[in-house]
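Participant: I have a structure here, written as structure tokens, and I will follow up with some questions on it.
The values are calculated or read from the model by the stated rules, or taken from the named source; none is laboratory data. If you're wondering where the values come from, they're calculated on a predicted model, not measured in any experiment. Glycine also receives a Cβ, built like all others from the backbone with ideal geometry; neighbour counts cover every protein chain displayed.
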Amino acid sequence: MSVHVGVSVFSGLGQETIPYLETVADPFQSIWLPDHLQSNLVGVMEGWTLASYVLARFQGKTVGHQVLCNEFRNPALLAKMAATAQVVSGGRFVLGLGAGWHEEEAHAYGIAFPAIQTRMDRLVEATSLIRRLWGGGPVDFDGRFYTLSAAQCIPMPEPAPKVMIGASGDTLGLRAVARAGDWWNHIFKTPAEYKAKARRLADHCEAIGRDPSEIRHVIGAQILIEENETRLRQAAERADVRSVERNGFAGTPEMVFETLCEAIDAGAGIVITGFADSPRPDGAVLFAETVMRWLRERYGASS
């Protein structure tokens, strides 16, 4: 067993995003970017423009989004954008895609935001359309939501990017992953929750006749890490440190390592780490010097 470790970027870093990555990205195998348009007057960078720069600046790193909102872009155009990113980067792009959740920003930008059932159905249909376009074309497509007429995607991406679906809902979300995903991105908080979601995903796969082992598990967590428990408690009280209660966990290096090992042993092949103290580099540096080194010693590194 081996493990791939990437670093994610908090959407609110704005213009501090690139200086932060310049400081912390080197030890990580991949870089994962947000896809938001606005957030309470905090600076937010547009995800695709940012990805174009990051692919060019950080040569050798896999780059993707955690994850793109399907409602923000026409999926045929998205297929072309992803194909171009894959070709010019030499195969370093992953298409992370989800149904979206931030209704307020969609409405602010005049983007329709239907009910979750419809968004999930649109997501699944979009991935089908995207995969067909990556075959080059011409493609005719007459779906429930999307239509193509002799559409072409040349140059073709070879290999086609992996499609990572971000979803955790027991019924609609994980069913969409089973139907449409090469990879599954789960917002990780505890090993027990992840294991339960993984079992539910396997059930959905078996219901449609798909082998659950075909889907690579990607766990993504915001982490608050400090050298000892005293400093951990102090950091949690700081105004410039974000809470990880809803989207991650906190711990000393030893605690973080043990938590991630339990998830990896349960099937997680890719770990995406964000840090609650960014744009300060302290958490990412401490993680890389301790937890990442221990993970590599125990599991080795994978692509």
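Participant: Go through (1) modelled with pLDDT under 95; (2) out of contact with any strand residue (DSSP E or B) (no Cβ under 7 Å at 6 or more places or on another chain) one by one and return the number of the condition GLY14 breaks.
Facilitator: Exception for GLY14: condition (2).
Participant: To continue, here is another question. Is it true that GLU226 is free of Cβ contacts under 8 Å to residues at least 12 places away in the same chain and either in the same structural domain as HIS4 (by TED's automatic domain parsing) or charged (D, E, K, R) (or both)?
Facilitator: Numbers: free of Cβ contacts under 8 Å to residues at least 12 places away in the same chain: no; either in the same structural domain as HIS4 (by TED's automatic domain parsing) or charged (D, E, K, R) (or both): yes.
Answer is no for this residue.
Participant: Let me ask something additional. Restricting the search to segment 17-42, which residues are part of a helix (DSSP H, G or I) and either in contact with an Asp or Glu (Cβ under 8 Å, 6 or more places away or on another chain) or more than 14 Å from TYR53 (Cβ to Cβ) (or both)? First the steps, then the outcome.
Facilitator: To start, the set of residues in segment 17-42 that are part of a helix (DSSP H, G or I) comprises 17-24.
Within segment 17-42, THR23, VAL24 meet the criteria.
Participant: Does GLU103 qualify as being modelled with pLDDT under 95 and surrounded by fewer than 20 Cβ atoms within 10 Å (Cβ to Cβ)? Break it down into steps so the answer makes sense when it comes.
Facilitator: Values: modelled with pLDDT under 95: yes; surrounded by fewer than 20 Cβ atoms within 10 Å (Cβ to Cβ): yes.
Yes: the conditions hold for GLU103.
Participant: For residues that are more than 22 Å from LEU133 (Cα to Cα) and part of a helix (DSSP H, G or I), tally how many sit in segment 50-80.
Facilitator: Number satisfying all stated conditions: 6.
Participant: Consider GLY248 against the criteria (1) buried (at least 16 other Cβ atoms within 10 Å of the Cβ); (2) farther than 25 Å from THR23 by Cβ; (3) small (Gly, Ala, Ser): it satisfies all of them except one. Which criterion is unmet?
Facilitator: Here GLY248 meets the rest and fails (2).
Participant: Is it true that some residue in segment 107-123 is modelled with pLDDT of 95 or more and closer than 30 Å to GLU289 by Cα?
Facilitator: no
Participant: How many of the residues making up segment 31-46 are of a type in the set (Gly, Ala, Ser) and under 17 Å from GLU103 (Cα atoms)? Before the answer, list the steps.
Facilitator: Here is the first cut: in segment 31-46, the residues of a type in the set (Gly, Ala, Ser) are 39, 43.
Now restrict to residues that are under 17 Å from GLU103 (Cα atoms): 39.
Selection size over segment 31-46: 1.
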